[in-house]
Amino acid sequence: DRGHGMHYQRLLALGSGGMANVHLSLALGQSGFKRLVVVKSVRQELMGDPAMRQMFLAEARLSARLNHPNVVQVSEVVETSDGVMLVMEYLDGLAFSAACRAAGDLLTRTMRLRVLCDVLAGLAYAHDLVDYHGEPLGIVHRDVSAQNVLVTFDGRVKLLDFGIAKVTSAPDKTRTGVIKGRVAYMPIEQVTGKQVDRRTDVYAVGSPASRDLSFSL
């Protein structure tokens, strides 16, 4: 895969979702430049679906705008004849849900509170983001969960995956009857298809599913 002056060599498949594949990759540039990155790309069988391509491009455009210590950083968005790629920072760590299972009681209440505060800080940044004219974008993540929070081995907390985020300043392409996100983390308004706002994400952080699975204090 090639970007603007960069070549991305895929090393290891990290996961696959409904729309995209995620690979650990080696970024190769001029003068021997090398860096580990994560590359997210549309699944091969969906390449020809215009709706999927547009959804992925919407995620790419939004992700490129986000720049906060508690939100995963996108360094490049590459669109080629082969598809669209998001190039993201490589984070060495575990999803918060996996970290809680692995650490058990070693992950103290203070540590859990630190993770919660950092998640909320990342969300507040996204919720307050404005466009280039100063108008609120009205971003709602819609899929906040312990699986979409990564805790690195050096103690950083990063909110992942704005793939189904809603931007109220742009039309929502969700088909009637389609619910996006994990139902266990949703407020009733989201489950029933009503209008959602930033409170949807705040609810997810403190939802019963969060408390039972990993955000429990």
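Data overview
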item	result
Members of region 64-91 that are in a loop (DSSP other than H, G, I, E, B) and either modelled with pLDDT of 85 or more or touching a Leu at 6+ places or on another chain (Cβ under 8 Å) (or both)	LEU66, ASN67, HIS68, PRO69, ASN70, VAL72, GLN73, TYR90, LEU91
Matching entry among LEU91, LEU66, LEU62, LEU24 (being over 15 Å from LEU160 (Cα atoms) and in contact (Cβ under 8 Å) with a residue 60 or more places away in the chain)	LEU24
LEU116, sole failed condition from (1) more than 17 Å from VAL22 (Cβ to Cβ); (2) open to solvent by less than 40 Å² (accessible area, probe 1.4 Å); (3) in a loop (DSSP other than H, G, I, E, B)	(3)
Test: residue in region 73-82 that is among the aliphatic types (A, V, I, L, M), more than 12 Å from the chain's Cα centre (by Cα) and surrounded by 14 or more Cβ atoms within 10 Å (Cβ to Cβ)	yes
Residues located in region 46-63, provided they are at pLDDT 75 or above and loosely packed, with under 14 Cβ neighbours inside 10 Å	PRO50, ALA51, GLN54, ARG61
VAL22 vs. criteria buried (at least 20 other Cβ atoms within 10 Å of the Cβ), under 24 Å from ILE139 (Cα atoms) and β-branched (Val, Ile, Thr)	no
Meets criteria (open to solvent by less than 60 Å² (accessible area, probe 1.4 Å), among the β-branched types (Val, Ile, Thr) and touching a helix residue (DSSP H, G or I) at 6+ places or on another chain (Cβ under 6 Å)) for VAL149	yes
Some residue of region 127-141 being free of Cβ contacts under 8 Å to residues at least 40 places away in the same chain, over 23 Å from SER16 (Cα atoms), among the hydrophobic types (A, V, I, L, M, F, W, C) and open to solvent by 70 Å² or more (accessible area, probe 1.4 Å)	no
Of all residues in region 104-113 being within 12 Å of VAL151 (Cα to Cα) and assigned to a helix (DSSP H, G or I), the one that is nearest to the chain's Cα centre (by Cα)	ARG112
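The values are calculated or read from the model by the stated rules, or taken from the named source; none is laboratory data. Predicted model, so just to flag it, every value in this text is computed and none were measured. Note: ideal-geometry Cβ built from the backbone for every residue, glycine included; neighbour counts use all protein chains shown. Just so you know, the surface numbers come from the protein's heavy atoms only, side chains and all, with ligands and any DNA or RNA stripped out. Shrake-Rupley method; radii C 1.70, N 1.55, O 1.52, S 1.80 Å.
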